[in-house]
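Enquirer: Attaching a single structure in structure tokens format; questions to follow.
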Amino acid sequence: MLSDIAQWVLPLVLSIIFCFSLCKKIKIFDCFVRGAVKGLKTLYGIFPTVVALVIAVTMLRESGATELIASLFSPVASALGIPEEIIPVAMLTPVSGGGSMSLFRDTLEVYGPDSFIGQVASVLMGSTDTTFYAVSIYFGAVSIKKTRHTLVAGLAADFTSLVLSSFFVKLFL
């Protein structure tokens, strides 16, 4: 029954928009073209940032820098009860969703989804965000150069998610 209703949602919404535009005498195609032009201008503005992030993430992963940094942070992680194996995932999550997802998938393949490491990595992936990506894209789209406390607050939230993911997996699972 729900799938029968779902197949009619998009045509219904489009019909409502079309009828509304006819009543208000709005030129739909002109509005669409103006929106597409604005979208392309936004894409043009944020494209260099996206390319830079992709290159940086690729360089970090391929150079082995993530493993080196993870080994430096492993004493702190073990003191906080965080598995050393998820540090690369935690480091890459604020930078790249795709890169961290790739490391997350590798972690699940090696340790399994039901292991402590797999469960902590799963909770971590569900509770963090791509902080650098979001700040650079959203602030870049509206031409904001100074992020003030946004980056610090986002990274603090990511660190909190890392610590609490391990804690709550120990507590509940």
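Enquirer: In deg cm²/dmol and to the nearest 500, what is the mean residue ellipticity at 222 nm of the chain if only DSSP H runs of at least 4 residues count, each as -39500 (n - 2.57), divided by the residue total?
Expert: On the way: 9 runs with 140 residues, N = 173.
Helix contribution divided over all residues of the chain: -26500 deg cm²/dmol.
Enquirer: Moving on to the next point. Pairs LYS41/LYS146; LYS24/LYS146; LYS38/LYS146; LYS38/LYS145: which are spaced more than 29 Å apart, C-alpha to C-alpha? Intermediate results must be reported in sequence, preceding the final value.
Expert: Working: LYS41/LYS146 21 Å; LYS24/LYS146 41 Å; LYS38/LYS146 23 Å; LYS38/LYS145 20 Å.
Result: LYS24/LYS146 exceed 29 Å.
Enquirer: For the chain, what's the relative contact order in percent, using C-alpha pairs closer than 8 Å and at least 6 residues apart? Could you put the intermediate results ahead of the total?
Expert: Numbers: 126 pairs, mean separation 35.1, N = 173.
It rounds to 20 percent for the chain.
Enquirer: Could I ask something else about it? Could you give each residue of the range 111-125 its phi-based ³J(HN,Hα) in whole Hz, using Karplus coefficients 6.51, -1.76, 1.60 with θ = phi - 60°, and x for Gly or Pro?
Expert: 9, x, x, 9, 6, 4, 5, x, 5, 5, 4, 5, 5, 4, 5
Enquirer: Which percent of Cα-Cα pairs in the range 45-172 sits in each 10 Å bin, short to long?
Expert: Values per bin, smallest distances first: 12, 42, 33, 11, 1.
Enquirer: I've got another one for you. For the range 72-133, what does the alpha-carbon gyration tensor say about shape, rounded, prolate or oblate, given a ≥ b ≥ c as the root eigenvalues, a/c under 1.5 as rounded, and a/b over b/c as prolate?
Expert: Details: a/c = 1.79, a/b = 1.14, b/c = 1.57.
Oblate shape, in that a/c is at least 1.5 and b/c is the bigger or equal ratio.
Enquirer: Further, regarding this structure: With +1 on each Lys and Arg Cβ and -1 on each Asp and Glu Cβ, how big is the dipole of the range 45-172 about its Cα centre, in debye rounded to the nearest 20? Could you put the intermediate results ahead of the total?
Expert: Working: 6 positive and 9 negative charges, 118 e Å.
In debye, rounded to 20, the range 45-172 gives about 560.
Bear in mind these aren't lab numbers, they're just calculated from the coordinates by the rules spelled out. These figures come from a predicted structure and were not determined experimentally. Backbone-built Cβ (ideal geometry, glycine too); neighbour counts: all protein chains shown.
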